[in-house]
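Just so it is clear, none of the values below were taken in a lab; they were calculated from the coordinates. Remember, predicted model here, so these are calculated numbers, not experimental data. Glycine gets a Cβ as well: all are built from the backbone with ideal geometry, and neighbour counts include every protein chain shown.
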Amino acid sequence: MPAVVHVEPEAAGFRLGTGTSVTGETSAVAEFTALLTARTGSTASVPAEGNGEVRLNVAGSGPAESYRLTVDADGVEVEGADAAGLFYGVQTLAQLLTREDGGWTIPAVRIEDAPRFAYRGVMLDVARHFFSLDVVEAYIERAAALKLNHLHLHLTDDQGWRLQLASRPELTERASAGAVGGDAGGFYSVDDYARIIAAAAARHMTVVPEIDVPGHTHAVGLAYPEIAADPVIDDAVRATAEQFGGGLPTAGEAYTGMAVGFSSLRIGEAATDRFLSDVFGELAARTPGPYLHLGGDEAHGTAPEHYAAFVRRAVEIIAATGKTPMAWHEAGGASPLPSPIVGHYWGFRRAEAEQADAAAAIVAEGGALVLSPADAAYLDMKPDADAALGLTWANGPTSVERSYEWEPTAVLPGVPESALLGVEAPLWTETVRTLADIDALIFPRVASAAEIAWSPRPTPGSERTWASFRARVGELGALWRAQGIDVPSSNEIAGADA
Ligand code: TNX
């Protein structure tokens, strides 16, 4: 999981024993040993008989992130084209561990595997609720084990600003304490952010930080009232307050509700421009990855002509840092943009005309797209109507089947596959407070996103079917549980669970 490009069964499998040696690249040996210990309970449960070798090495050639895995009676060999490929080969190997006749075996196979898309992401919204470093690291581990390679962090929103900036310390001093529902907030110090980046890098994940502007900025007004416009209260904001509580947003007061689209920065002010330059400048300096996400979504509190001018300016500022600007697809409505961007599509599986036009404009200007269709890839949608956590605005609940049954090239007709950088599964956290809550929503649907992003598109006879996915994801429950993940019962609809 995700389905591999090519697999051939071989004759006899490999039986692990206490005499088995694990050799090769140091971090791959450590990763495999940790997974083996988690899966088998302890090395003591591996019987004494059985020798052979598990060899884990980087070949230094082949497509990026690809690997080859060979298992026969004498041992196991994993060869990554690069360190990431080796890491993914080790994840596949751990999934193959099978309890058999009181011991542990690995079925004989020859696998060749490589990703379909370069960008395979998950998002964590740390603004609606704040999550400790431990939880962020657990999220990274879960995603990386499924060969996902980008961690998008939604670091700011109306409810709080979560990243300490040396150039703008007031943001976390004055605007980080709250969260949805009046829960405790928090923020990442300069050092914490570096630790998240390092934890992600150790699992071959690139951090994509998002500072959402010009909307979703009520918290900025707590630190800098002079650059915040007054909240715009429309019927949708009132309806959300009625349904979910939290009251109506008031300038200068922390917001703890779940409404969206009421806040905006003041556009055209010199102070706003300085703010953007400071924030994105420092963020660029502290972020090794190539992308800075500027948000740009749901700016209903911003006049359209102001919105276009603002997005162009934000794109210009980010591009000047040497990073590639990334933005939710609405930014395409501001075209022509001063430089190409990565557009982040969040409409439904069938794009509406306006969304399709905005996305097409980004592509026409030389940009690329990451797809997060809300009615399939959003991990914060309820998996079924009775689920305790989650929202339902994206076409009602998103079942595991619906999360699996979509094809990236079918979402935006006219956009070629070459313009698709990849796929991302976002987790917005209005209803999510703990790691257990995260697990309850992301499993097993995060595996659907991983398979869509990694595996080849379905062809007749391939494993890319709902029936195959459902059986494979069910079998993975044992490994996930062995790793201490509280996989929800919705995993069981997915099939036999050893
Ligand atoms: C829409 S989709 C949002 C977020 C919310 C989410 C809840 C998008 C770019 N914005 O502000 O958290 O819905 O599902």
Work out, step by step, the length gained on full extension between Ala239 and Phe348: first 0.36 nm times the residue separation, then minus their alpha carbon distance; give nm to one decimal.
37.0 nm
Cut-off 19 Å (backbone N to label point 7 Å along Cα→Cβ of Ser27), residues of the stretch 89-109
89-94
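At a 10 Å Cβ-Cβ cut-off, how would you order Thr429, Thr256, Thr23, fewest neighbours first? Intermediate results must be reported in sequence, preceding the final value.
Working: Thr429 27, Thr256 20, Thr23 11.
Lowest count first: Thr23, Thr256, Thr429.
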Charge context of Pro336, other residues only, Cβ under 13 angstrom, K/R +1, D/E -1:
-1
Residue-averaged [θ]222 nm for the chain, counting only DSSP H segments that reach four residues, each worth -39500 (n - 2.57):
-10000 deg cm²/dmol
Net charge of neighbours whose Cβ lies under 13 Å from the Cβ of Glu352, counting Lys and Arg as +1 and Asp and Glu as -1
-2
Excluding Thr172 itself, calculate the net charge of residues whose Cβ lies under 12 Å from the Cβ of Thr172, where each Lys or Arg counts +1 and each Asp or Glu counts -1.
0
What distance in nm lies between label points placed 7 Å from Cα along the C-beta direction at Ala471 and Asp230?
6.4
Solvent-free Debye scattering, log10 I(q)/I(0), computed from the Cα coordinates of the stretch 196-332 at q = 0.14, 0.19, 0.21 Å⁻¹:
-0.68, -1.08, -1.21
How far apart, in nm, are two points set 7 Å out from the Cα along the Cα-to-Cβ line at Glu316 and at Ala387?
4.2
Calculate the radius of gyration of the Cα atoms of the chain to one decimal place, then report Dmax, the largest Cα-Cα distance, as a whole number, both in Å.
23.2, 74
Using +1 at the Cβ of each Lys and Arg and -1 at the Cβ of each Asp and Glu in the chain, identify which of Pro63, Pro373, Ala241 lies farthest towards the dipole's positive end.
Pro63
